[in-house]
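Here is the structure we will look at.
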Amino acid sequence: MAQVELIMPKMGESVAEATVIKWLKNVGENIEMDESVLEIATDKVDSEIPSSIDGVLVKQLFGEDDVVQVGQAVAIIETDASSADTPTPTPTPTPAPETNIEAPKEVTIAEEIIEKAMETTSLPKTSNSTKFFSPLVRSIAQEEGISTSELETVPGTGKEGRVTKKDILTYLSKRTSVPAPKISTGSPVQMTASAVPAMEGDEIIEMDRMRKMIANHMVMSKHVSPHVTSFVEADVTNIVNWRNKVKDEFFKREGEKITFTPIFIDAVVKAIKDFPMINVAVEGTNIIKRKHINVGMAAALPTGNLIVPVIKDADQKNMIGLTKIVNDLAKRARANELKPDEISGGTFTITNVGGFGNVMGTPIINQPQVAIMAVGAIVKKPAVMETEIGDVIAIRHKMFCSLSYDHRVVDGSLGGMFLKRFSDYLEAFDPNTNI
């Protein structure tokens with residue numbers, strides 16, 4: 001008999017940990033190779049971990065809702081295979097010996113971004129009782145008007161009693177007395193959200209796990225990036241007429257529906273090539289200029305939540321290739337079948353608010369990107385057109401486009417020129433394009 005560790009696999013770039021949602025196999029049950037043993041959730045996507053060998057589950061090393069680091073063993077499987085035939089498990093990282101160095105941060109990737117952006121606060125990293133407070137915890141405490149002495153009273157569930165983000169948010173939800181905002185010359189006003197009392201007949205609905213992650217990500221983005229949104233109205237008549245002309249033949253030939261999304265992505269890619277400084281990220285005081293153009297497309301799920309699958313190297317795909325990958329990602333997003341790598345690594349995002357009948361929107365940047373494009377509903381409008389015989393009024397298909405961008409690194413000139421160039425590419429679309 002040999003025992004093999006089932007290792008938490010790498011779930012995609014920037015994913016360092018996962019939460020155990022549900023054990024699909026109980027201790028003592030037989031497991032076949034590639035059979036799912038447990039369900040896990042990351043800040044990107046839900047998935048299952050399969051067994052790497054036939055055997056019997058003899059030990060579950062973590063319980064449901066426990067957080068497991070990538071590379072750690074989550075279970076022990078006993079197998080009849082000889083040790084020579086047994087796969088060598090990835091070694092579980094061993095903790096470093098205790099030193100006087102500060103305890104490691106227990107935060108997610110998204111929280112690390114907030115920490116770096118909010119490193120400077122008036123609260124100390126350690127208290128009189130030698131408790132360690134991460135930059136994120138100190139920033140939340142300062143924003144909510146919590147003094148150092150009060151922060152020391154917050155119960156910590158982290159390593160060695162450390163106060164985590166969850167701890168301080170739980171404390172705030174139960175906090176009854178909130179100090180009034182203080183206003184002083186040269187200092188910002190500290191605003192604290194007041195408790196919201198439920199009225200008679202109200203229904204209390206707890207956010208699901210994905211909605212909580214979305215909420216945290218949106219708040220984090222607003223904390224990190226000063227948002228500016230610019231607008232332009234594009235004439236997409238040529239695109240509408242072309243799609244109406246080719247969609248039936250394309251579906252008959254390729255078995256795929258052709259939507260407007262691939263055309264919009266193609267225009268985004270062309271505009272990024274013209275203005276590559278829109279395809280960047282910010283790390284402290286450094287600007288990371290991306291080599292790859294990976295376009296995320298926001299997709300609404302049946303649950304009402306949002307997910308953003310990513311088209312990697314979108315600039316290397318033609319219209320047919322974009323159409324096929326857009327349809328595939330959208331279909332598997334709705335079925336919750338996306339892989340972690342397929343929703344990570346984006347460098348720019350486009351969202352179609354027109355799908356809900358909205359003419360325009362002011363989207364929130366998908367961190368750590370610095371810009372996001374929203375396209376509105378396509379509407380028939382009377383428009384003045386210049387012709388050889390003078391100005392005429394014609395019925396045209398119009399669409400508002402809005403670009404939200406991070407004003408730390410994208411000024412109005414760059415944001416405005418990029419948005420206008422995107423619109424120009426849409427309006428210059430050749431109605432005789434072959435596909």
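Of these, Thr349, Thr387, which one is farther than 24 Å from Pro276 by Cα and hydroxyl-bearing (Ser, Thr, Tyr)?
Answer to the check: Thr387.
Please determine whether any residue of region 11-29 is among the aromatic types (Phe, Trp, Tyr), at pLDDT 85 or above and in contact with a Leu (Cβ under 8 Å, 6 or more places away or on another chain).
Checking region 11-29: at least one residue is among the aromatic types (Phe, Trp, Tyr), at pLDDT 85 or above and in contact with a Leu (Cβ under 8 Å, 6 or more places away or on another chain).
Look at region 149-173 and say how many of its residues are crowded, with 17+ Cβ neighbours inside 10 Å, polar (S, T, N, Q) and modelled with pLDDT under 75.
Of the residues in region 149-173, 0 are crowded, with 17+ Cβ neighbours inside 10 Å, polar (S, T, N, Q) and modelled with pLDDT under 75.
If a residue must be surrounded by 10 or more Cβ atoms within 10 Å (Cβ to Cβ) and in a loop (DSSP other than H, G, I, E, B), how many such residues does region 196-217 contain?
2
In region 218-240, how many residues are hydrophobic (A, V, I, L, M, F, W, C), open to solvent by 30 Å² or more (accessible area, probe 1.4 Å) and in a helix (DSSP H, G or I)?
The total comes to 2.
Scan region 372-384 and report the pairs whose first residue is without any contact (Cβ under 8 Å) to a residue 60 or more places away in the chain and farther than 11 Å from Leu403 by Cα and whose second residue is buried (at least 18 other Cβ atoms within 10 Å of the Cβ) and β-branched (Val, Ile, Thr), with Cβ atoms within less than 9 Å and a gap of 6+ or a chain change.
Gly376/Val353; Ala377/Val353
Give the residues of region 131-148 that are closer than 28 Å to Val68 by Cα and either at pLDDT 75 or above or assigned to a helix (DSSP H, G or I) (or both), sorted by residue number.
Listed by number, the residues that qualify are Pro135, Leu136, Val137, Arg138, Ser139, Ile140, Ala141.
Can you tell which of Asp406, Asp391, Asp430 is touching a helix residue (DSSP H, G or I) at 6+ places or on another chain (Cβ under 9 Å), among the acidic types (Asp, Glu) and more than 21 Å from Thr347 (Cβ to Cβ)?
Asp430
Testing Phe400 on (1) touching a strand residue (DSSP E or B) at 6+ places or on another chain (Cβ under 9 Å); (2) open to solvent by 20 Å² or more (accessible area, probe 1.4 Å); (3) more than 17 Å from Val268 (Cα to Cα), one condition comes back false. Which one is that?
(3)
Kindly indicate whether any position in region 223-234 is within 27 Å of the chain's Cα centre (by Cα), at pLDDT 85 or above and acidic (Asp, Glu).
Scanning region 223-234, I find no residue that is within 27 Å of the chain's Cα centre (by Cα), at pLDDT 85 or above and acidic (Asp, Glu), so the answer is no.
Select from region 244-269 the residues that are surrounded by 18 or more Cβ atoms within 10 Å (Cβ to Cβ), more than 24 Å from the chain's Cα centre (by Cα) and either in a helix (DSSP H, G or I) or aromatic (Phe, Trp, Tyr) (or both) and list them in ascending order.
Listed by number, the list holds a single entry, Phe250.
The values are calculated or read from the model by the stated rules, or taken from the named source; none is laboratory data. Just so it is clear, the structure is predicted and the values come from calculations on it, not from any experiment. Don't worry about glycine lacking a Cβ; one is built from the backbone with ideal geometry, like all the others, and counts go over all protein chains shown. Areas reflect the complete protein model, heavy atoms only, side chains present, ligands, DNA and RNA absent. Shrake-Rupley method; radii C 1.70, N 1.55, O 1.52, S 1.80 Å.
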